[in-house]
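What follows is a short report on a single structure.
Each value in this text was obtained by applying a stated rule to the coordinates, not by laboratory testing. Only a predicted model underlies this, so the values are computations on that prediction, with no experimental measurement involved.
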Amino acid sequence: MRTRSQQRPEPTNRASSKPGAIHFATFQIRGSCLIEQADHTHLAAPGSLFIYDSSLPFRMHADGPYEQVVVQVGADRAFALAGMDRTTDILATPMECSGVLSAVSAFFTQLAHYQTDYTLMDYLRRARVEAAQNLLRNHPTKSISHISREAGFNDERSFYRTFRTITGMTPNDYREQFH
């Protein structure tokens with residue numbers, strides 16, 4: 001289990017964060033992790049975006065490898081990106097990734113392309129297929145449907161289509177190579 005910070009979260013009033021404080025806007029690329037801050041917990045799955053206050057203690061846990069894009073954002077900007085006022089507890093408020101990303105999509109797209117030579121969505125699809133390949137190799141009894149959900153796909157049809165496009169074979173054919 002990876003832990004980004006061993007600090008103990010402590011309850012706090014989010015409205016008391018200082019003007020000019022820095023928040024972290026974090027886009028979960030691969031793997032899942034759990035973040036705890038104050039009295040809130042957020043499960044970050046691939047493709048999710050969450051914002052938390054860097055001036056407050058937090059803990060991040062993951063049972064396996066994960067990748068994130070973390071951007072420091074001024075508190076005022078973070079609240080504006082999330083469409084919230086400063087009295088809102090950002091971590092406790094579910095955010096639709098598409099709504100938040102609309103304000104910062106150019107940055108994330110350029111960053112992903114610079115780092116990987118893929119668009120952000122292409123990179124995310126490839127990361128999900130890579131996670132599925134790992135599950136198919138190491139868990140021969142798990143159903144394809146379960147693996148597709150665990151790898152971050154919304155439905156089995158898109159999983160099959162994406163997997164075949166990237167690997168040139170179906171998930172079943174891929175699994176048969178190893179079992």
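For this structure, a couple of remarks:
- Proximity of backbone amide H atoms, modeled 1.01 Å from N, is registered between His23 and Ser54, Val73, Gly74, Ala75 at under 5 Å, excluding neighbours fewer than 5 places apart on the same chain.
- Rounded to whole Hz, the Karplus (6.51, -1.76, 1.60) HN-Hα couplings of region 41-58, x for glycine and proline: 10, 9, 8, 9, 9, x, x, 8, 10, 9, 10, 9, 7, 6, 7, 9, x, 8
- Bins of 5 Å, starting at 0 and running to the largest distance - Cα pair percent for region 120-176: 4, 23, 38, 26, 8, 2, 0
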